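Coordinate-derived values only; no laboratory data. Note that the coordinates shown come from a computational prediction; the quantities given were computed from them, not determined experimentally. So basically every Cβ, Gly included, is an ideal-geometry build from the backbone, and we count neighbours across all protein chains shown.
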Amino acid sequence: MTRRIAILTGGGDCPGLNAAIRGVVKASHGLGWDVVGIRCGFEGLLSPCDLLPLNLENTSGILTQGGTILGAASSGRFSAKTGHGQAGQIPPELIAEAQSSMEHLGISALIAAGGDGTLTIAQQFFEQGTSVVAIPKTIDNDLQATVITFGFDSAVACATDALDRLHSTAASHGRVFVLELMGRYAGWIAVHAGIAGGADVILIPEIPFRYEAVARAIERREAAGRKFTLVVVAEGAREEGGDFAVKGPMRADKEAQLGGIGDQVAAEIKKRTGKETRCVVLGHLQRGGGPTTFDRLLATRYGVAAVQMIAGGQFGMMAALRPPDIVPVPIKEAIGKIRTVPPEGNVVSTARALGISLGAASELAS
Ligand code: F6P
């Protein structure tokens, strides 16, 4: 009997998901397997099952497309609030219901492509007996156990392009521009794009900032004849002793929607320096659109590796990048704790060596 496997994409979308799906379908075809796509994450496994049979024809041409042809879902009965080990337990009877529809459909193994939330649920399926393997995706690049998740490079490219564009208008008008980027608990996008795009100040969740230090960095530039400044702020960045800037109420069962820190920083800079200041929120532009070459390749490699892991019976494992290889690692190692930017690590020390301010209190001593 032909083997039948399924793939789902959970949580928010990101560039590269379709490339991964295509990689899974092509590699499975080579082994003579059938692949079905589960629409809208784990929810699609509940009856009536929401399936899209996948084949070489309907996955042709999706390599370069953004989003996911399977649809994304970050809410519903299978939503797990995650980050810093807060993941909730999915009711075992819900997992059992999904397992019996998989059995009914002859699905012998499941590939879950997702970030911390999706992989937390995948682990619970595994512990309840499902043959599951995982593929790491998130623009935030905040998953443990892999060097890079796909989607990250595309988001950084988008943010760097935005900085390049702001650079010329900021310089022409002698203004301060604040660019608010995604990055809930981890400032990877902000620090990578900030360095690549020539930012002067980078504020990330891992280093609580002081407005005094930000204003001083701008005033120092001004004194040196640099009349404009580019400030990058991750959506999850906070003033020392402050809280996340959120849109709408905090909820126990769902991640709060972040946003607004860029405007707050811009207003405070104007107040403290008197400089004309503008804020741009890049938002979901970072998640939309097609994948970069790097992400196409990485997502395709993860997709192929997931199929190889199923063929080898390596369940409960996630495909991880350990350059130059893609290797299986236990899903358990990737979840529960977000991978954040080390404040003393190389990327931050590179920023400091370039004279970029992180808004840190320690900068006030120099
Ligand atoms: O996890 C990726 C991410 O882009 C976060 O950086 C951001 O906070 C969140 O998704 C936004 O998600 P939503 O689609 O719910 O607005």
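Quick look at the values:
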read-out: Nonlocal amide H pairs with C14, under 5 Å, H built at 1.01 Å; value: G67
read-out: Estimated inter-spin distance, N346 and R322, nm [label 7 Å along Cα→Cβ]; value: 1.8 nm
read-out: At least 24 Å along the helix axis (C-alpha) and Kyte average at least 0.5, DSSP helices within the chain; value: 293-311
read-out: Choice from H104, H192, H29 with maximal GNM fluctuation in the chain (Cα, 10 Å cutoff); value: H104
read-out: Order of S108, S79, S366 under a 10 Å beta carbon neighbour criterion, fewest first; value: S366, S108, S79
read-out: Shape of the range 35-167, Cα gyration tensor, a/c cut at 1.5; value: oblate
read-out: For the chain, share of DSSP beta bridges that run antiparallel, in % to the nearest 5; value: 25 percent
read-out: Built amide H within the under 5 Å cut-off of E239, gap 5+; value: F209
read-out: Gyration tensor verdict on the chain (Cα atoms; rounded if a/c is under 1.5, prolate if a/b is larger than b/c, oblate otherwise); value: prolate
read-out: Highest-first arrangement of 305-311, 236-242, 333-339, 183-189, where packing means the average Cβ count within 10 Å; value: 183-189, 305-311, 333-339, 236-242
read-out: Karplus-derived HN-Hα couplings along the range 59-70 (A = 6.51, B = -1.76, C = 1.60, θ = phi - 60°), whole Hz, x at Gly and Pro; value: 10, 6, x, 8, 3, 9, 8, x, x, 9, 5, 8
read-out: Other-chain or far-sequence residues with amide H under 5 Å of A134's (modelled H); value: A112, M317, M318, A319
read-out: Contact order relative to length of the chain, as percent, for alpha carbon pairs under 8 angstrom and 6 or more apart; value: 23 percent
read-out: Relative exposure of T64, T300, judged by other C-beta atoms within 10 Å (fewest first); value: T64, T300
read-out: Along each principal axis, Cα extent of the range 111-263, largest first, Å; value: 65, 30, 23
read-out: Residue exposure sequence - S168, S28 - by fewest surrounding Cβ within 10 Å; value: S168, S28
read-out: The chain: most fluctuating residue of A215, A266, A353 per GNM, C-alpha cutoff 10 Å; value: A353
read-out: Of G225, G106, G198, the one that fluctuates the most in a GNM where the chain has Cα springs shorter than 10 Å; value: G225
